[in-house]
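Below you'll find the structure, written out as structure tokens, and then a few comments.
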Amino acid sequence: MAKFTTWDGLQLNYRVWEGEGRPVVLQHGVVADTNANWMSVGIVAALQAAGHHIISLDARGHGRSEKPHDPARYSWQAMTADMRALFDELGLDEVALVGYSMGGIISILVAQADDRVERLAVGGIGSGVVDCGGIDWRVIEAADIAAAMTGDGSTAAPQAQMFRMLADVLGTDREAIAALAAGLNEAPIKTVADITIPTLVVAGDADPFAAEPQRLAAAFPDARLVTVPGDHLVATADPGFAAALVEFLR
């Protein structure tokens with residue numbers, strides 16, 4: 001594990017597993033971190049077995065990275081800039097970028113802004129990207145996640161309570177997540193038609209946050225779709241998720 005200072009002075013944590021070829025950079029989902037999203041479910045191990053050079057970033061507010069409690073320190077643009085700053089820090093010329101849920105939205109924005117991204121894989125998101133420009137507000141709003149992080153979370157929307165339970169299991173800084181959710185209150189994606197690189201969309205077949213993933217895949221000029229069993233929290237643990245990534249990145 002290592003840390004670097006990102007563009008606005010925050011200390012962010014990342015981890016590297018040495019390997020060959022184009023680096024595979026991972027960005028986790030909201031509340032989770034490198035361990036919860038990628039290591040504990042076997043995805044890092046599968047990528048290692050395939051020989052990949054792997055880098056995973058703990059987003060601001062998460063994992064071992066710095067966790068400000070000021071909503072002004074969080075935005076989609078800030079987190080996009082964090083990933084690009086990591087590329088700069090490590091001197092990366094080309095990457096395959098993999099993002100899940102919140103990390104999927106960030107990864108789309110990075111791919112649009114940075115031509116160092118040569119392959120893109122996103123999971124845990126679906127037609128909400130096309131219809132809502134990011135978070136699928138038909139299922140959950142950022143304010144719901146913020147509300148779930150306060151008190152005992154019992155009055156939060158049912159879909160948001162899942163994130164509260166995850167936060168409690170992981171010992172997440174709930175005040176930081178509430179601040180983050182307050183800052184992620186916009187729809188940052190206008191289109192994905194400008195992302196012409198090879199793209200993979202992976203979705204759990206029972207994931208309400210990744211509804212109609214075929215519509216998201218169709219919106220990219222060059223994308224394939226893989227569905228695996230599971231909802232938002234367990235889809236990454238299905239062996240088919242890791243297998244789809246390994247095949248796509250081969």
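Counting residues that are under 17 Å from residue 200 (Cα atoms) and in contact with a Ser or Thr (Cβ under 7 Å, 6 or more places away or on another chain), which helices (runs of 4 or more DSSP H) fully inside the stretch 1-116 reach at least 3? It comes to 102-113. Note on the stretch 117-133: residues that are part of a helix (DSSP H, G or I) and either among the polar types (S, T, N, Q) or open to solvent by less than 10 Å² (accessible area, probe 1.4 Å) (or both) total 3.
Restricting attention to the stretch 132-178, which residues are among the charged types (D, E, K, R) and either closer than 23 Å to residue 39 by Cα or out of contact with any Asp or Glu (no Cβ under 9 Å at 6 or more places or on another chain) (or both)?
Scanning the stretch 132-178 gives 136, 141, 144, 152, 164, 168, 173, 174, 175.
Only residues that are out of contact with any Ser or Thr (no Cβ under 9 Å at 6 or more places or on another chain) and either small (Gly, Ala, Ser) or in a loop (DSSP other than H, G, I, E, B) (or both): list them for the stretch 149-175, please. Passing the criteria: 150, 151, 152, 153, 154, 155, 157, 160, 167, 171, 172, 173.
For the stretch 173-231, filtering for residues that are in contact (Cβ under 8 Å) with a residue 40 or more places away in the chain, under 21 Å from residue 77 (Cβ atoms) and open to solvent by 40 Å² or more (accessible area, probe 1.4 Å) leaves 6.
In the stretch 171-179 there is no residue that is touching a Phe, Trp or Tyr at 6+ places or on another chain (Cβ under 7 Å) and within 25 Å of residue 112 (Cα to Cα).
Only residues that are small (Gly, Ala, Ser), touching a residue at least 60 places away in the same chain (Cβ under 8 Å) and surrounded by 24 or more Cβ atoms within 10 Å (Cβ to Cβ) were counted in the stretch 49-95, giving 1. Of all residues in the stretch 9-47, those that are over 20 Å from residue 87 (Cα atoms) and not small (Gly, Ala, Ser) total 7. Filtering the stretch 225-233 for residues that are of a type in the set (A, V, I, L, M, F, W, C), within 21 Å of residue 249 (Cα to Cα) and in contact with a Lys or Arg (Cβ under 9 Å, 6 or more places away or on another chain) leaves an empty set.
The values are calculated or read from the model by the stated rules, or taken from the named source; none is laboratory data. The model shown is predicted, which means the values in this text are computed figures rather than measured ones. Quick reminder, even Gly has a Cβ in these numbers, built from the backbone with ideal geometry, and neighbours come from all protein chains shown. With ligands, DNA and RNA removed, areas are computed over all heavy atoms of the protein, side chains included. Shrake-Rupley method; radii C 1.70, N 1.55, O 1.52, S 1.80 Å.
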